[in-house]
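Peer 1: Following this message is one structure expressed as structure tokens.
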Amino acid sequence: MKSSFLPRGLVYKEWHQQRWMIVLFLIATWLLPVFGSIAQEFVVLTGHVSYLGPGLSEGSLVWFSQTVLVNPSGYGIGLAPWGAALLLGAALWSAERRGNNLETVLASPVSKAALVRVKWLLGTATIFAVNLPGALLLWLEARGAGLDVNGMTVSADVWLGLAARWYSTQVGMEWLIFSLAFVAAIGVGRYVMSILWAALVLFMPLGLTAAVTYLMQESAPWITHYMGKGMAGYATPDIQALSPVYGTLQNWVMTLNPESYYGTFSYFYMPQMLDFVLPVGGVLSILLYVASLVLFEHCEMERFRRVFCLRGFAMSSLMIVGVVPAWMLGILQMSSDVTAHLQSMFDHQPWHGPAPMLVFTLYFAGTVAVEVLLWTALRRFLRSRQARREHVMAVA
Amino acid sequence: MWLRIDSRSSTPMYQQMIDEIKARIAKGALAPQSRLPSIRELASDLMINPNTIAKAYQELEREGVIEVIRGRGTFVCREQEGAGGAVAASARAQVRDMLTRVLVEAHHVGIPLADVSRELEVLIAGWPEERGRYSDE
Amino acid sequence: MSEIVVTEGLGKQYGRVRAVQDVTLTVSEGSIFGIVGTNGAGKSTFLSMLLGLTRPSEGRARVLGSDVMDRFGTYRERVGFVTDQDYFFRQFSVRDMIAWGRRTWPRWDDVRCRQLLASFELPANRPVRSLSKGMRVQLAFVSALSLRPEVLILDEATSGLDAVVKRQILQLIVQEAASGVTVVMATHDLAGLERIADRVAFFHEGRVVLQTSTEEAKREMRRIQVVFPGGLPDALRTAPGVLRVEESGSVYNVIVETEADKVAELCRQHGPVYMEELEVDFEELFVHIMHKEGYAREEFLLA
């Protein structure tokens, strides 16, 4: 039977319910380019340059926009849109968890798949749309008077390229975070809980990283304990030096979340890696969307009101959902480690030439393959469980 | 319309409707060729299943009490003064049956047949007056 | 007349609880089908399965010729649904709900919608959350009737309403049925149902314990009060169609479920001292059926 791809009723309903969330999102993406610029100008004009730290005294609007374009994650305020993306992903579902919202929708002539589709596409469209004005503004600011940086002349095209990179990294990260929160919130039947759960699933790897970072720092209790027993010298760098495997593993665990991946790459490795944020984030987001479709199809009305409205297995797989992309990003990190290692072995010229790209591509393809296999296995498992349950029912 | 239908009575509701409508016609409260409410209106007024009303109307039409004119509505038929034919014969048989039942009932309750006859005569004597009451309204 | 709703051995199990089991019934076009039963008898779950909201765990159900598990649920374009639960979007006003309905149902009738809104005098700008119970039901009916339904599924749509609104709603239901809409309604209002329903199914613990047409029920159900000083003959106690026998001294009340005439004849043959045939309404029948199913203790039910 035919069915509309984007049922008008659903689009109307989602827009009506989420428009304020979308406005909030728009404001969050504008915080950095607009309010950041104003703050910067204010600081420079009032002479409080020392607040900016060393080397930042030449400041102006232009300086700010240039800095942001080259290194978008350099400011804490840049995290606001990520938070907004998380909120939007969760809110699209939590709005349904009040009263009989979800029952009302599903008693109308729409499929469950259409509901997931409209929600996810609305979120995706929002992310692509709300970041455009910010990117445009940054580009205009930088172009306005910024053709000269540190005495070097920069072509206008470079600023356009940087603005495009800023846009694509923002969109890529927000898209991924949105999709993660989106799939996580499907499994929770309560209004506030669905937002909390999405945050938990998303930031669980971050917590893991924080824990590892804490344990690995030189002042960590266990290290000082051993240092006190005469094992001084075995601080982090020394432990890492013992084995390259250990060091790599530690790096992997420490990058088990989008935030640290983003920061690490944009700061210390190569800004060019940022160009992969959108493609990688997009592929992952689409996979998460497929997962959302499957999970919501298994979400049955009698469980709508429970805190965890998916059955045990599907629910626990949601926990993994948060880890999988982080794990994938960890592999990216390792690949960069390995390529750096290879590079330094051959010509001592890190981050140039085709070699890192080749290794990166191989890892990327391999990871996508693993993801697809994982989800195929998950779906098959869910189906076989369903079949077994039906069989038991038929026998009874 | 002013039909009294008791859903609790063991007489089926469509039968109650038939009886009521027939009684109204006989008493002159419903003049020949006057229009009856549609099934929808009547169902809504009485809050009765429309199929029940349709059934009653069908039965009344079959008995020649009312007629349905397509596109115009349902109307009370002209009076059947001394009508002959099969319909009249069966109607007579029906009336005879009812009277028999009255006699059986009277017997069991212990009323002499002569008394029943007298009661009937009183009713017949008062009939024109009864009809007149309605047609005056 | 074609069959609008058909279920075959329909059942739903929640864990170990069998909310609905083995329900087989047919609702024909243009009829009003009543579903009665105690709270928790499975009526709502049954209706929810007809809407495709709840996935049946056994059996099949077809509505308007379409399987209720059809992924797209296209048949719901022609199904109006009203429940005493609040089937609204929390943040929406009356106008928003109508705007949503207009975009959701392809057969939406704007003229009808305006007429109904005007006749109910619903305030367009009020949030649905702040409406009174009666207004919410009225709004639900505006939606359900404006989509030009072929089937109306009503889940206790008239419960908890004041007499005026209730009458208004019942009249609407009857009018819809008169224009050929099929109605499936679960209700506790047995007296109302007795007037408007064509057929009635009694639910108990998820099963249909009695299914009958209203006319048939009128003809077949009776309470026969008899006096036998020497005790009730066993033949009467076990006669087919006898639902229950109540005793007080030598007075016996024989509740007959089917074939009342035959049972009455049987009574007469045994020569009772006194005999009277009384009507049984749905409410009484319901109580007797529930008692037979062991729902509650007799003195409690018939006190």
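A short reminder: the numbers here are calculations on the coordinates, not readings from a lab. None of the values given here were measured: they were computed from a predicted structure. Counting neighbours? That spans all protein chains shown, and the Cβs are built from the backbone with ideal geometry, glycine included.
Peer 1: What is the order of A:Leu115, A:Leu140, fewest Cβ neighbours within 10 Å to most?
Peer 2: Details: A:Leu115 23, A:Leu140 13.
So the residues, fewest neighbours to most, are A:Leu140, A:Leu115.
Peer 1: Between A:Val11 and B:Gln15, what is the spin-label point distance in nm, taking each point 7 Å from the Cα along the Cα→C-beta axis?
Peer 2: 6.0 nm
Peer 1: Return the sequence-ordered ³J(HN,Hα) values of the range C:174-182 in whole Hz as given by the Karplus equation 6.51 cos²θ - 1.76 cosθ + 1.60 applied to θ = phi - 60°, using x for Gly and Pro.
Peer 2: 3J(HN,Hα) across the range C:174-182, in whole Hz: 5, 4, 4, 4, 5, 8, x, 7, 7.
Peer 1: Report, in listed order, any pair from B:Lys55/C:Lys218; C:Lys12/C:Lys166; C:Lys166/C:Lys292 with a Cα-Cα distance greater than 20 Å.
Peer 2: Violating the 20 Å limit, Cα to Cα: C:Lys12/C:Lys166; C:Lys166/C:Lys292.
Peer 1: Let me ask you something else. For the residues A:Cys299, C:Cys267, what sequence is obtained by ranking on other C-beta atoms within 10 Å, fewest first? Walk me through the numbers before you get to the answer.
Peer 2: On the way: A:Cys299 18, C:Cys267 24.
Ordered from fewest to most neighbouring Cβ atoms within 10 Å, A:Cys299, C:Cys267 come out as A:Cys299, C:Cys267.
Peer 1: Using DSSP loop states and a limit of at most 16 other Cβ atoms within 10 Å to flag trypsin sites (Lys or Arg not before Pro), what is the longest stretch of chain B containing no flagged site? Present the calculation step by step, with values, prior to reporting the outcome.
Peer 2: Details: sites that count: B:Arg4, B:Arg8, B:Arg70, B:Arg72, B:Arg78.
It works out to B:9-69.
Peer 1: Set the Förster radius R0 to 45 Å, insert the Cβ-Cβ distance between C:Asp109 and C:Glu3 as r into 1/(1 + (r/R0)^6), and round the FRET efficiency to 0.05.
Peer 2: Details: r = 25 Å, r/R0 = 0.57.
About 0.95, to the nearest 0.05.
Peer 1: Report the charge-dipole magnitude of the range B:13-76 in Debye, nearest 20, computed about the Cα centre from +1 at each Lys and Arg Cβ and -1 at each Asp and Glu Cβ.
Peer 2: Details: 9 positive and 8 negative charges, 34 e Å.
For the range B:13-76, the charge dipole is close to 160 debye.
Peer 1: Give me the percent of Cα-Cα pairs in chain B that sit more than 20 Å apart, rounded to a whole number.
Peer 2: Of the Cα pairs, 57 percent sit more than 20 Å apart.
Peer 1: Expressed as an acute angle from 0 to 90° and rounded to the nearest 10, what is the orientation of the C-alpha long axis of helix C:110-120 relative to the principal long axis of chain C?
Peer 2: 60 degrees
Peer 1: Moving to a separate point now. Angle check, please: helix C:260-269 long axis (alpha carbons) against the longest principal axis of chain C (alpha carbons), in degrees 0 to 90, nearest 10.
Peer 2: Taking Cα atoms only, the helix is inclined about 10 degrees.
Peer 1: Loop-only GluC sites (Glu not before Pro) in the range C:75-176, please: DSSP not H, G, I, E or B, and at most 11 other Cβ atoms within 10 Å.
Peer 2: Details: sites: C:Glu77, C:Glu121, C:Glu150, C:Glu156, C:Glu176; in loops: C:Glu121, C:Glu150, C:Glu156.
Sites meeting the loop and neighbour criteria: C:Glu121.
Peer 1: Can you give me the distance in nm between label points at C:Asp67 and A:Val158, each placed 7 Å from the Cα along the Cα-to-Cβ direction?
Peer 2: Result: 6.4 nm between the two label points.
Peer 1: Just to be sure I follow the definition: excluding the sites themselves, where is the longest run in chain C that has none of the trypsin sites (Lys or Arg not before Pro) in a DSSP loop with at most 12 other Cβ atoms within 10 Å?
Peer 2: Values: sites that count: C:Arg16, C:Arg107, C:Arg297.
Maximal segment without exposed cleavage sites: C:108-296.
Peer 1: 7 Å from Cα along Cα→Cβ at both B:Lys27 and C:Lys133: what's the point-to-point distance in nm?
Peer 2: Label-label distance for B:Lys27 and C:Lys133, simple model: 3.9 nm.
Peer 1: Another one. How would you rank C:Leu236, B:Leu46, going from fewest to most other Cβ atoms within 10 Å of each one's own Cβ? Display every interim value, and only then the final one.
Peer 2: On the way: C:Leu236 20, B:Leu46 23.
Ordered from fewest to most neighbouring Cβ atoms within 10 Å, C:Leu236, B:Leu46 come out as C:Leu236, B:Leu46.
Peer 1: Here's another thing I want to ask about it. Going by Cα centres, the range C:103-178 and the range C:19-76 are how many Å apart?
Peer 2: 22 Å
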